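The values are calculated or read from the model by the stated rules, or taken from the named source; none is laboratory data. Bear in mind the structure is a predicted one, so any value in this text is a computation, not a measurement. Positions of Cβ are backbone-derived with ideal geometry, glycine not excepted, and every protein chain shown enters the neighbour counts. Surface areas here come from the heavy atoms of the whole protein model, side chains and all, with no ligands, DNA or RNA. Shrake-Rupley method; radii C 1.70, N 1.55, O 1.52, S 1.80 Å.
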Amino acid sequence: MITRIFQVMGGRIRGKRVLGRYLKTYDPLSRYVTGRGVAIPTLPLEAQWHPIIQWFGVSDNEAMKRILPNLGNFGCDIYSEKDLYINGTGGLYGCGGDIVELNQVFEIEQARELTAQEQKDFCFVVTQSLLPDIQTLCVITQQIISTPTEAADTDYPYMLDVSYTISSNMNGVKNTIIE
């Protein structure tokens, strides 16, 4: 199966629907198609386990990150207890409010992308610089390596353009996030 689609059965489940999504195209140039009939799932395993773990009573974001260490890599593209259960109360940390898409360009000596740990460190620095009463979530969405144009004032042979998204739990804070 191309995406991670799941069904849970029980009395208090929000039923009669399938959570997940199918690929829109099988074009070899698609972001999710790797070739030879292989496609990358559009949703991670965390998407299905997050609401189940919330249902078992884990509500603390730090505890959730210990149980699902890759949770922060997917932004708000995860399901919550509210999505899965009729009486669900748990939501997604840093989601439900404003979303800001940003870019940062780095001058680099070697043609490479940020490692997974560097991505986490980058997002940690970004979110720590925001107001503490706003729950935020940062995820890197794209990295593009290029060479500087002749007009660029740099001594580095490569540029790394990092696109990232910051989501928040509040509306009306977009300007605060951008500052």
Please report the carbon-and-sulfur percent of the accessible area for the chain; probe 1.4 Å, protein heavy atoms only, DNA, RNA and ligands left out.
51
Helix-only mean residue ellipticity at 222 nm, the chain, DSSP H runs n ≥ 4 weighted -39,500 (n - 2.57), per residue, nearest 500. What is it?
-6000 deg cm²/dmol
For Val33, residues with placed amide H under 5 Å, excluding near neighbours:
Ile40
As a test of reading the structure, rank Leu84, Leu45 by solvent-accessible area (1.4 Å probe, protein chains only), most first.
Leu45, Leu84
Taking the Cα centre of the chain as the origin and placing charges on Cβ (Lys, Arg +1; Asp, Glu -1), which of Gly172, Asn70, Leu102 is farthest toward the positive end of the dipole?
Asn70
The chain, dipole about Cα centre (Lys/Arg Cβ +1, Asp/Glu Cβ -1), debye to the nearest 20:
1440
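Normalising by the residue count of the chain, find the relative contact order in percent from Cα pairs under 8 Å and 6+ residues apart.
Details: 290 pairs, mean separation 38.0, N = 179.
Answer for the chain is 21 percent.
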Backbone HN-Hα couplings from phi across the stretch 85-101 [Karplus 6.51/-1.76/1.60, Hz, Gly and Pro as x]:
10, 4, 9, x, 10, x, x, 10, 4, x, 10, x, x, 5, 10, 10, 9
Convex hull (Cα only) mean projected area of the stretch 14-91, reported in nm² to one decimal:
6.2
On a 0 to 90° scale, report how tilted helix 116-128 is relative to the longest principal axis of the chain, with both axes built from alpha carbons and the result rounded to the nearest 10.
80
For the stretch 41-86, how big is Rg over Rh, using alpha carbon atoms and the Kirkwood form of Rh?
0.93
Over 27 Å between C-alpha atoms is what I'm after, so list which of Lys16/Lys120; Lys24/Lys174; Lys82/Lys174 land there.
Lys16/Lys120; Lys24/Lys174
In degrees from 0 to 90, rounded to the nearest 10, what is the angle of the helix 45-55 Cα long axis to the longest principal axis of the chain?
50
Under a crude label model (7 Å from the Cα following the beta-carbon direction), how far is Arg112 from Asn175 in nanometres?
4.1
Could you tell me which trypsin sites (Lys or Arg not before Pro) in the stretch 44-152 are loop residues by DSSP with no more than 15 other beta carbons within 10 angstrom of their beta carbon?
Arg112
Do any chymotrypsin sites (Phe, Trp or Tyr not before Pro) in the stretch 21-67 lie in a loop, going by DSSP, with at most 16 other beta-carbon atoms within 10 Å of their beta carbon, and if so which?
Tyr22, Tyr26, Tyr32, Phe56
Just to confirm, what accessible area per residue do you get for the stretch 28-179 at 1.4 Å probe, in whole Å²?
62
P(r) histogram, all alpha-carbon pairs of the chain included - 10 Å bins from 0, percent
9, 28, 33, 22, 6, 2, 0
